[in-house]
Structures are given as C-alpha cells and as structure tokens.
Amino acid sequence: MVGPSKQKSRTFRRVYTRTPGGKTVMHYKRRKPGIAKCANCKAPLKGIPRLIPTKFRNLAKTEKRPQRPYGGYLCSKCTRLKIIEKVRENV
C-alpha cells in the first residue's frame, strides 16, 4: 500500500530498510539541501554540514560553521582578502 500523497512525490527520497523481522520496507526521508556557497566567489564552503534544518538546528554552534571571521559566509580565500582590505583601509 502506498502512503499518503505527499510520499508519492519525489520530494522525499525512498530508502529501503531491513526490519528486525527480516522484511524490507520503504522509508521516506527528506532530501539533503544543496551545499553552502561562498557569498563572494560562489565556491563550496568547507566545514558546513549538508543537513536538513531540523537536524542542523540540533548541532552545537561550533559544528554549524568554522570558527573564524566570516565563517559560514565567505570561503577562506575571500576571508583572507577581505581582512587584508580592511587592514589597508584603517592604515
């Protein structure tokens, strides 16, 4: 028997799971979001997990993004350039 109509759509991915009784059943799981991108150069950001919002919310603050200025917003190359630019402004 097919589940509710929202499970029939491809919004949810189908995962075959073995139960302890030996049956194979289908579970419907949310798809992962796209990878986080740098706001400046659009390169994929490292250190940011691809999790659905409910799982992401349960992570500690240090697991959500890198611990540096502009962490989770700019990649390390763009961060370096931005900091150098700010230092040159102030001098």
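Given (1) in contact (Cβ under 8 Å) with a residue 12 or more places away in the chain; (2) closer than 30 Å to Lys77 by Cβ; (3) not in a loop (DSSP other than H, G, I, E, B), where does Phe56 come up short, assuming only one miss?
Unmet condition: (1).
Does any residue of segment 43-64 turn out to be hydroxyl-bearing (Ser, Thr, Tyr), more than 11 Å from the chain's Cα centre (by Cα) and either in the same structural domain as Arg13 (by TED's automatic domain parsing) or surrounded by 12 or more Cβ atoms within 10 Å (Cβ to Cβ) (or both)?
Checked against the condition, which is being hydroxyl-bearing (Ser, Thr, Tyr), more than 11 Å from the chain's Cα centre (by Cα) and either in the same structural domain as Arg13 (by TED's automatic domain parsing) or surrounded by 12 or more Cβ atoms within 10 Å (Cβ to Cβ) (or both), segment 43-64 yields no hits at all.
Pairs only if they're at least six apart or on different chains, beta carbon under 8 angstrom, first in segment 72-88 and under 14 Å from Gly47 (Cβ atoms), second β-branched (Val, Ile, Thr) and part of a loop (DSSP other than H, G, I, E, B); list them, first residue then second.
Listed by first residue and then by second, the contacts come to Gly72/Ile48.
The values are calculated or read from the model by the stated rules, or taken from the named source; none is laboratory data. These numbers were taken from a predicted model, which means no experiment stands behind them. Don't worry about glycine lacking a Cβ; one is built from the backbone with ideal geometry, like all the others, and counts go over all protein chains shown.
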